[in-house]
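The structure under discussion appears below in the form of structure tokens.
The values are calculated or read from the model by the stated rules, or taken from the named source; none is laboratory data. If you're wondering where the values come from, they're calculated on a predicted model, not measured in any experiment. Virtual Cβ from ideal backbone geometry, glycine too; neighbours counted across all protein chains shown. To get the accessible areas, we keep the full protein, side chains included, count just its heavy atoms, and leave off ligands, DNA and RNA. Shrake-Rupley method; radii C 1.70, N 1.55, O 1.52, S 1.80 Å.
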Amino acid sequence: MSQSDKKSGAPAKGLHKGLTSYGDAGFSLFLRKAFIKGAGYTDDALNRPIIGIANTGSAFNPCHGNAPQLIEAVKRGVMLAGGMPMEFPTISIHESFAAPTSMYLRNLMAMDTEEMIRAQPMDAVVLIGGCDKTVPAQLMGAASAGIPAIELVTGSMLTGSHRSEQVGACTDCRRFWGKYRAQEIDAEEIADVNNQLVASVGTCSVMGTASTMACIAEALGIMLPGGASPPAVTADRIRIAERTGTTAVAMARSGLTPDKILTGKAFENALRVLLAIGGSTNGIVHLTAMAGRLGIEIDLAQLDAMGAQTPVLLDLKPSGQHYMEDFHKAGGLATVLRELKPLLHLDALTVTGRTLGEELELAGPGFKQDVVRPFANPIFPQGGIAVLKGNLAPGGAIIKQSAANATLMESEGRAVVFEDIEDMAARIDSDDLDVKADDFLVLKNIGPKGAPGMPEAGYLPIPLKLARQGVKDMVRISDGRMSGTAAGTIVLHVTPESAIGGPLAQVRSGDRIRLSVSQREISLLVSEAELAERIRKNPITPPTAERGYRKLFLQAVTQADQGADFDFLRPANFTEKVPRPR
Ligand code: FES
């Protein structure tokens, strides 16, 4: 026997899957069994459905610090359901431990996940992710690998307390660092805060990218209902892990593959949730990449229209006040889904084999709480993210309007331009920098190819001399991303990026720029003739590399509007476009 049972023609299962090529299938299986028996397994164990568990535990990834406990619980769940758990390592990426930026490695992790799922004999896979890029990477890989897959996130960290004030990473990290830069707090206090911001293992405690992707995975139906919100160190998180293992065995038996769950309807549900939770802007890039693997295109114009019908309901930092642990106590994502019910596709299938609507019924009626607002009384009347267009961003740009300043969102200003991150670092705190509070800070060359890897440098610091005067926000424009934990009037993902010759490359200090979020406009107020002349005099050569992953990355990475996935990992044909107009 090899990839399929020779007599029945049925697909191969368990250890029979994906035999190593020795030219003799019987010998390949014989050899495989001989080696695995060296680890003490019995035939009884090896004849059960094999559930792979992607272990992303790493000393360099404290957001995954509870991976050993989760793996133990997943294994328990798998065995309770009669399956055989097999843990295997993949790349793990932590935001603060990945240079030049975690996004540079997301596609590498997606390839690692896809190929190790495909190469090793498993009937279903449990993906343990958490920190920002890990969940999209795993779901991109699993969508392409095509075997039953279920996501399990590590869960959020606990909040800490600084001088009686509740604090958590990383909105408060930025807030306190801003105070320190403005000399409002001293070195001793910033060191004290540093001890309290991350009070346990787990992912960031606000609606940053990790929490956003956890909610998105649950909304997509590729994670257990209720799986997004339990904090990392709670019993609820461990129970979810056990049930994830049990569910994975059922999925292996029923053949519930990702394409049956990750449909156009599921992505519409996820986009709706992204808007209603005030989710990270990174969620759009990741959802675009994930949907792309299944031949589904995200229509940014329609996403913007969806935003007009979808208020922000979740009162969590950075758009609101609370933290993930409060969200969990308030009932988790089901509380948001209940409010959005008339706008959701309730017939979308989930990992349990039941529909989203059936799961919502099972979750019960909810209870009184103050973290998720009723639809009629939102914390922001429209979706958190708006899509901008204009001659500065012909392919689009985005702004997290729920975390921006209302006055600045309708303004015109003088550009103060930084050519790249190094230029910004060298000049932004200089007393000689010609900058005023109503100027627009522009940073080039931090797009997918620019830095490379589209780093989260779009949250430009307020120039020191203005910070000292008490300036807290300015319009900032770039082709990069920003952390979901950050807030401010920040235009991101300007497409096409400057490094491949997008109009952003031609902006000069002193140019006027107009931002009108109500009109969805980002315009460079320079004549077409002048712009054409600048392009002629200043042609842009896209960056290249001599060798290695960097060479592959620079050759293959797509723009933000295509999810910054590698072009060769996306399908040749796209069959669906979401969200559909309503
Ligand atoms: Fe890992 Fe924020 S750094 S989730």
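Quick notes on this one:
- Count - residues of segment 317-348 that are at pLDDT 95 or above and out of contact with any Gly (no Cβ under 6 Å at 6 or more places or on another chain): 20
- Answer residue from segment 433-482, given it is among the charged types (D, E, K, R) and not in a loop (DSSP other than H, G, I, E, B) and is most open to solvent (accessible area, probe 1.4 Å) among those: Lys465
- A search for C-beta distances below 7 Å between a residue of segment 246-266 that is at pLDDT 95 or above and any residue that is in a helix (DSSP H, G or I) and small (Gly, Ala, Ser), counting only pairs 6+ apart in sequence or on different chains, returns Thr246/Gly77; Pro258/Ala142; Pro258/Ala143; Leu262/Ala143.
- Residue satisfying all of: in segment 239-280; among the polar types (S, T, N, Q) and closer than 21 Å to Leu344 by Cα; most open to solvent (accessible area, probe 1.4 Å) among these: Thr263
- Filter pass, Ser58 being assigned to a loop (DSSP other than H, G, I, E, B) and within 16 Å of the ligand (Cβ to nearest atom): yes
- Exactly one residue out of Ser205, Ser211 is assigned to a loop (DSSP other than H, G, I, E, B) and either of a type in the set (Phe, Trp, Tyr) or within 16 Å of the ligand (Cβ to nearest atom) (or both): that is Ser205.
- Going through (1) over 30 Å from Arg414 (Cα atoms); (2) open to solvent by 90 Å² or more (accessible area, probe 1.4 Å); (3) in contact with a strand residue (DSSP E or B) (Cβ under 8 Å, 6 or more places away or on another chain) one by one, Arg508 falls short only on (1).
- Scanning segment 550-560 turns up one or more residues that are of a type in the set (Gly, Ala, Ser) and closer than 21 Å to Asn282 by Cβ.
- Here Ile50 fulfils each of the conditions (1) open to solvent by less than 10 Å² (accessible area, probe 1.4 Å); (2) farther than 19 Å from Ser254 by Cα; (3) in contact with a helix residue (DSSP H, G or I) (Cβ under 9 Å, 6 or more places away or on another chain) apart from (2).
- Number of the exception - Ser483 against (1) out of contact with any Cys (no Cβ under 9 Å at 6 or more places or on another chain); (2) touching a residue at least 40 places away in the same chain (Cβ under 8 Å): (1)
- Some residue of segment 572-579 being in contact with a strand residue (DSSP E or B) (Cβ under 8 Å, 6 or more places away or on another chain) and surrounded by fewer than 13 Cβ atoms within 10 Å (Cβ to Cβ): yes
- Positions within segment 167-190 being more than 13 Å from the ligand (Cβ to nearest atom) and either assigned to a helix (DSSP H, G or I) or surrounded by 24 or more Cβ atoms within 10 Å (Cβ to Cβ) (or both), in sequence order: Arg175, Phe176, Trp177, Gly178, Lys179, Tyr180, Arg181, Ala187, Glu188, Glu189, Ile190
- Scanning segment 376-386 for residues that are hydrophobic (A, V, I, L, M, F, W, C) and either within 16 Å of Thr212 (Cβ to Cβ) or buried (at least 17 other Cβ atoms within 10 Å of the Cβ) (or both) yields Ile379, Phe380, Ile385, Ala386.
- Leu344 vs. criteria of a type in the set (A, V, I, L, M), more than 22 Å from the chain's Cα centre (by Cα) and either more than 21 Å from Gly264 (Cβ to Cβ) or open to solvent by less than 20 Å² (accessible area, probe 1.4 Å) (or both): no
- Selection within segment 391-426 - free of Cβ contacts under 8 Å to residues at least 40 places away in the same chain, open to solvent by 60 Å² or more (accessible area, probe 1.4 Å) and either closer than 23 Å to Gln559 by Cα or of a type in the set (Lys, Arg) (or both): Glu419, Glu422
- Selection status of Ala305, small (Gly, Ala, Ser), within 15 Å of Ala228 (Cβ to Cβ) and not in a loop (DSSP other than H, G, I, E, B): no
- Residue match in segment 20-33 (condition: within 23 Å of Val249 (Cβ to Cβ) and assigned to a loop (DSSP other than H, G, I, E, B)): no
- Val193 falls short on exactly one of the conditions (1) open to solvent by 30 Å² or more (accessible area, probe 1.4 Å); (2) over 18 Å from the mean Cα position of the chain (by Cα), and that condition is (1).
- Some residue of segment 157-166 being touching a residue at least 60 places away in the same chain (Cβ under 8 Å), under 25 Å from Glu242 (Cβ atoms) and within 16 Å of the ligand (Cβ to nearest atom): yes
Conditions (1) in a loop (DSSP other than H, G, I, E, B); (2) touching a residue at least 12 places away in the same chain (Cβ under 8 Å); (3) among the aromatic types (Phe, Trp, Tyr), marked per residue:
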position	(1), (2), (3)
Pro318	yes, yes, no
Thr335	no, yes, no
Arg338	no, yes, no
Thr352	yes, yes, no
Glu359	no, yes, no
Asp370	yes, yes, no
Ala376	yes, no, no
Gly383	yes, yes, no
Lys389	no, yes, no
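- When Gly40 is tested against the conditions (1) under 22 Å from the mean Cα position of the chain (by Cα); (2) away from the ligand (no atom under 16 Å from the Cβ); (3) open to solvent by 40 Å² or more (accessible area, probe 1.4 Å), the lone failure is (1).
- Candidates are the residues of segment 223-236 that are more than 20 Å from Ser92 (Cα to Cα) and open to solvent by less than 10 Å² (accessible area, probe 1.4 Å); the one that is farthest from the ligand (Cβ to nearest atom) is Leu224.
- When segment 320-333 is filtered for residues that are free of Cβ contacts under 8 Å to residues at least 24 places away in the same chain and assigned to a strand (DSSP E or B), nothing remains.
- Filtered by the rule that a residue be within 16 Å of the ligand (Cβ to nearest atom), open to solvent by 30 Å² or more (accessible area, probe 1.4 Å) and assigned to a helix (DSSP H, G or I), segment 85-141 gives Glu95, Ser96, Phe97, Leu105.
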